[in-house]
Amino acid sequence: MKSELPSIPERLAAVRSELPNHVTLVAVSKTKPQTAIESAASTGQIEFGENRAAELAEKASELASLNLRWHHIGHLQTKKVKQVVPHAHLIHAVDSERLLSEIEKRSASIGKVSDVLLQIHIAQESSKFGWSFSEFDTFLQAQSWNELKHVRIRGLMGMATFTDDHQQIRSEFQSLKKAFDTTSSIGSSWDTLSMGMSGDWKIAVDEGSTMVRIGSSIFGSR
Ligand SMILES: *Cc1c(COP(=O)(O)O)cnc(C)c1O
């Protein structure tokens, strides 16, 4: 019997048809089987997002022949960094200097330069991780990031409050975009603003996102 649900390639095509060309689509495959990733990859999708270190490492190894780009998108514990660094194309949610130092150390040990984004806490929920805007300012001014030789800071990442209030989501994304635009000290690598998920990516793109992380709209609910 043929399923009535749209297939993964159909869902991907639907998202892509509305996404501007300059916005990178990270297909969030966390908890989904390799067959789902292969199905997405068969349409040319190369960027995939995972939020668990072990799952990312396992999928990246087993699907190595597909030459995919793996994004670590969720909270990353310091002790898990060594599992992620060898495989990650981009680490999205760096939320402390300690984590940055660990990424530096693990990247140096394998002779890699890791690309990362700093997570800013923009939501009202206290459960979400990330730096406050003032902590981020202090970090920029202290200039310790200048000493990182194996970490390249590419931009910012944030998650809006989970709410139906679109105006609130919009203003949270606006505040992140403003911080992104007014950060000039890091230099030419500063080019990525990761914001927008299945429920709010259209607002995020309106407000200047360059990278969206979309899971359930492509792979179905988890
Ligand atoms: C799971 C997850 C997503 C994708 O969420 P969907 O609502 O399924 O699109 C995006 N970003 C992060 C950090 C996530 O953990």
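Just so you know, all these numbers are worked out from the coordinates, no wet-lab data involved. What you see is a predicted model, and the numbers here were worked out from it, not measured in a lab. Here the Cβ is made from the backbone with ideal geometry for all residues, glycine too, and neighbour counts use every protein chain on show.
What the table shows:
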{"item": "Inter-label distance for Thr163 and Thr35, nm, one decimal - labels placed 7 Å from Cα along Cα-to-Cβ", "result": "4.1 nm"}
{"item": "Set of lysines near Lys59 by C-alpha distance (under 30 Å), chain-local residues within fewer than 8 positions excluded", "result": "Lys2, Lys30, Lys32, Lys79, Lys80, Lys82, Lys105, Lys112, Lys128, Lys149, Lys202"}
{"item": "Calculated SAXS-style log₁₀ I(q)/I(0) at q = 0.13, 0.18 Å⁻¹ - the range 8-219, Debye, Cα scatterers", "result": "-0.71, -1.35"}
{"item": "Amide hydrogen neighbours beyond the local backbone of Val28, cut-off 5 Å, H modeled", "result": "Gly49, Ile214, Gly215"}
{"item": "Estimated FRET transfer efficiency when R0 is 30 angstrom, pair Gln143-His22 (beta carbons, to 0.05)", "result": "0.50"}
{"item": "Cα centroid separation, the range 131-189 to the range 41-90 (Å)", "result": "23 Å"}
{"item": "Vicinal HN-Hα couplings computed from phi for the range 91-103 (Karplus, 6.51 cos²θ - 1.76 cosθ + 1.60; Hz; Gly/Pro x)", "result": "9, 7, 10, 6, 10, 7, 5, 4, 5, 4, 5, 5, 5"}
{"item": "Three-way shape label, the range 1-75, alpha-carbon gyration tensor, a/c 1.5", "result": "oblate"}
{"item": "For the range 118-124, 3J(HN,Hα) per residue [Karplus equation, 6.51 cos²θ - 1.76 cosθ + 1.60, θ = phi - 60°, Hz, x = Gly/Pro]", "result": "9, 8, 9, 7, 10, 7, 7"}
{"item": "Stretch gain in nm, segment Ala14-Ser134, where the contour uses 0.36 nm per residue and the Cα spacing is subtracted", "result": "39.3 nm"}
{"item": "Residues whose placed amide H lies under 5 Å from that of Met157, excluding near-sequence neighbours", "result": "Leu118, Gln119, Ile120, Ser194"}
